[in-house]
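A.B. asks: Quick one: the structure is below, and I'll ask about it shortly.
The values are calculated or read from the model by the stated rules, or taken from the named source; none is laboratory data. What you are looking at is a predicted structure, and each value in this text was computed from that prediction instead of being measured. In this analysis, Cβ positions are derived from the backbone assuming ideal geometry, glycine residues included, and neighbour counts consider all displayed protein chains. Accessible surface is based on the protein model in full, side chains and every heavy atom, while ligands, DNA and RNA are left aside. Shrake-Rupley method; radii C 1.70, N 1.55, O 1.52, S 1.80 Å.
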Amino acid sequence: MIDHPETIRTSHRRIACDGSGDVPAALGHPRVWLEIDESGAVDCGYCDRHFVLIGGPADTKADAKAGTGDAKAA
């Protein structure tokens with residue numbers, strides 16, 4: 001299994017990633033829109049962030065609240 005630099009749990013199937021977070025958006029990457037499919041997760045092709053649908057098949061922390069973040073939705 002690949003260790004992702006960051007995993008973000010979200011309640012939205014369509015999310016945007018611009019690589020920002022701990023860094024200003026200007027230091028990230030171009031904003032891309034990602035769609036979480038039936039697997040319950042999607043990876044950003046620029047920064048390798050791993051987005052997981054809360055309660056979806058890939059959500060291994062369904063009962064944990066620590067480290068959750070909600071991504072920008074469409």
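A.B. asks: In region 31-51, which residue that is farther than 12 Å from R9 by Cβ, without any contact (Cβ under 8 Å) to a residue 40 or more places away in the chain and in a loop (DSSP other than H, G, I, E, B) is most open to solvent (accessible area, probe 1.4 Å)?
C.D. replies: Residues of region 31-51 that are farther than 12 Å from R9 by Cβ, as a first pass: 31-35, 37-39, 42-48.
So of that shortlist, the ones also without any contact (Cβ under 8 Å) to a residue 40 or more places away in the chain come out as 31-32, 34-35, 37-39, 42-46.
From what is left, the residues that are in a loop (DSSP other than H, G, I, E, B) are 31, 37-39, 44-46.
On the way: R31: 133, D37: 70, E38: 156, S39: 60, C44: 1, G45: 77, Y46: 138 Å².
The selected residue is E38.
A.B. asks: So if I check each of G28, G19, which one is in contact with an Asp or Glu (Cβ under 7 Å, 6 or more places away or on another chain) and either open to solvent by less than 70 Å² (accessible area, probe 1.4 Å) or within 20 Å of P57 (Cβ to Cβ) (or both)? Give the derivation first.
C.D. replies: Values: G19 fails: in contact with an Asp or Glu (Cβ under 7 Å, 6 or more places away or on another chain).
Sole residue among the options that is in contact with an Asp or Glu (Cβ under 7 Å, 6 or more places away or on another chain) and either open to solvent by less than 70 Å² (accessible area, probe 1.4 Å) or within 20 Å of P57 (Cβ to Cβ) (or both): G28.
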